[in-house]
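The values are calculated or read from the model by the stated rules, or taken from the named source; none is laboratory data. Quick caveat: nothing in here was measured; it's all calculated off a predicted structure. All Cβ positions, glycine included, derive from the backbone under ideal geometry; neighbour counts span all protein chains shown. These accessible areas exclude ligands, DNA and RNA; they are computed on the full protein's heavy atoms, side chains included. Shrake-Rupley method; radii C 1.70, N 1.55, O 1.52, S 1.80 Å.
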Amino acid sequence: MNFLYFDPGLGAMIVQALVAAAAGILLFSKNVMYKVKSILGLTKDDPEEDSIDIEDETDTHDRS
């Protein structure tokens, strides 16, 4: 009779693979859902969210 042996390193590798697969599926599905919603026009376009306002400041000091 043969017995399987899983050492702690293999167990940690299996857990890491499962977590990575779950994160990959979550991020991939989120990206796909965003694209589907944008095609259907269900996303809210907020121009203030994407832009960064940087005010131009002029130096009032004399440059010598």
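Residues in segment 20-41 that are over 15 Å from the mean Cα position of the chain (by Cα) and surrounded by 10 or more Cβ atoms within 10 Å (Cβ to Cβ): how many?
3
What pairs can you find where one residue is in segment 1-15 and among the hydrophobic types (A, V, I, L, M, F, W, C), the other is outside any loop (DSSP other than H, G, I, E, B), and their Cβ atoms are less than 9 Å apart, with a gap of 6+ or different chains?
6/14
Are there any pairs with C-beta distances below 6 angstrom linking a residue in segment 24-38 that is without any contact (Cβ under 8 Å) to a residue 24 or more places away in the chain to a residue that is open to solvent by less than 60 Å² (accessible area, probe 1.4 Å), with the two at least 6 apart or on different chains, and if so which?
Taking only residues 6 or more apart or on different chains, the pairs are 37/43.
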